[in-house]
1. Being exposed (fewer than 12 other Cβ atoms within 10 Å of the Cβ), within 21 Å of Glu23 (Cα to Cα) and without any contact (Cβ under 8 Å) to a residue 40 or more places away in the chain narrows it down to one of Asp117, Asp182, Asp143, so name that one.
2. What is the number of the single condition among (1) out of contact with any Cys (no Cβ under 7 Å at 6 or more places or on another chain); (2) open to solvent by 50 Å² or more (accessible area, probe 1.4 Å) that Ser123 does not meet?
3. Looking at region 39-60, which of its residues are part of a loop (DSSP other than H, G, I, E, B) and touching a residue at least 60 places away in the same chain (Cβ under 8 Å)?
4. Which of (1) farther than 20 Å from Tyr10 by Cβ; (2) modelled with pLDDT of 90 or more; (3) open to solvent by 30 Å² or more (accessible area, probe 1.4 Å) does Phe106 not meet, given it meets every other one?
5. Scan the strands (runs of 3 or more DSSP E) fully inside region 137-191 and keep the ones with 1 or more residues being touching a strand residue (DSSP E or B) at 6+ places or on another chain (Cβ under 7 Å) and on the phi > 0 side of the Ramachandran plot.
6. Say whether the condition of being out of contact with any Pro (no Cβ under 9 Å at 6 or more places or on another chain), open to solvent by less than 70 Å² (accessible area, probe 1.4 Å), of a type in the set (Val, Ile, Thr) and assigned to a loop (DSSP other than H, G, I, E, B) is met by at least one residue in region 13-34.
7. Please determine whether any residue of region 71-93 is part of a loop (DSSP other than H, G, I, E, B), at pLDDT 85 or above and open to solvent by 30 Å² or more (accessible area, probe 1.4 Å).
8. Looking for whichever is closer than 24 Å to Val58 by Cβ, modelled with pLDDT under 95 and out of contact with any Asp or Glu (no Cβ under 6 Å at 6 or more places or on another chain) here; the options are Ser164, Ser186. Which one fits?
Amino acid sequence: DVVKKIKDRYAGIECLTTEFTMESDKGGRKTTRSGLIRTRYPNYLMVDFYSPAGQKIVSDGDTLWMYIPSMNIVAEQDLKDDEGGLFSSNSRTGLQRLFTRYHYKFAQKEQPSAGPDGKKYYSIFLQQKESRSGYRTIRIWVDENYYVTRAEGETSAGKKVRISFNKIQTDKEYPKGIFKLDKPASARVVKNPMLSEE
């Protein structure tokens with residue numbers, strides 16, 4: 001029932017805005033990133049990073065651009081045109097794929113339970129159905145409005161990633177035209193650096 005309500009919640013969203021903080025740890029090497037995510041249905045995405053400052057990820061559904069100012073590079077990736085395509089930014093599709101590719105269960109008996117902030121959260125543990133690259137296990141925390149507010153994943157290589165979402169808003173509307181990258185004239189463009197979904 002909780003999973004159905006999560007899917008239903010995200011299925012009704014046209015535009016979503018949220019701040020995020022992402023921490024990764026592999027072999028003691030830790031990195032932290034933060035920023036603002038904006039999405040529009042079906043496959044529009046914009047990620048403006050506060051840290052590393054100036055870094056950007058933008059998609060109009062046909063192309064995904066990643067601007068890395070420290071290297072003065074723009075990675076430009078052609079995307080598949082089907083809704084479940086490569087690097088789909090659509091929350092509806094992403095959640096559908098997540099619950100299709102992973103076995104899931106409550107992470108603990110008491111649901112919902114109090115989080116560190118005193119609010120109640122559902123906690124769901126997910127494990128890959130088939131061994132593949134990507135996250136072997138994932139744990140998500142879902143608030144009582146059925147928004148995913150935190151996730152932790154571990155890859156088969158032992159990399160751990162934690163991401164939290166704050167100030168989730170669904171009442172803003174974004175025109176399609178903002179989902180383009182304004183490429184700096186001096187930046188080197190690298191075409192299609194990612195070759196497969198895995």
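The values are calculated or read from the model by the stated rules, or taken from the named source; none is laboratory data. Predicted model, so just to flag it, every value in this text is computed and none were measured. Reconstructed Cβ throughout: ideal geometry from the backbone, glycine too, with neighbour counts over all protein chains shown. The protein model used for the area step is the full one, side chains on, heavy atoms only, and it has no ligands, DNA or RNA in it. Shrake-Rupley method; radii C 1.70, N 1.55, O 1.52, S 1.80 Å.
1. Values: Asp182 fails: within 21 Å of Glu23 (Cα to Cα); Asp143 fails: exposed (fewer than 12 other Cβ atoms within 10 Å of the Cβ).
The conditions single out Asp117.
2. Answer for Ser123: the failing condition is (2).
3. In the first step, residues of region 39-60 are kept if they are part of a loop (DSSP other than H, G, I, E, B); the result is 41-43, 52-55, 60.
Residue satisfying the conditions is Asp60 alone.
4. Answer for Phe106: the failing condition is (1).
5. By residue number, 160-169.
6. Within region 13-34, one or more residues are out of contact with any Pro (no Cβ under 9 Å at 6 or more places or on another chain), open to solvent by less than 70 Å² (accessible area, probe 1.4 Å), of a type in the set (Val, Ile, Thr) and assigned to a loop (DSSP other than H, G, I, E, B).
7. So the first thing to find is which residues in region 71-93 are part of a loop (DSSP other than H, G, I, E, B), and the list is 71-72, 79-90.
In the following step, the residues that additionally are at pLDDT 85 or above were identified as 71-72.
From what is left, the residues that are open to solvent by 30 Å² or more (accessible area, probe 1.4 Å) are 71-72.
Among the residues of region 71-93, at least one is part of a loop (DSSP other than H, G, I, E, B), at pLDDT 85 or above and open to solvent by 30 Å² or more (accessible area, probe 1.4 Å), which makes the answer yes.
8. Values: Ser164 fails: modelled with pLDDT under 95.
Within the list Ser164, Ser186, the selection yields Ser186.
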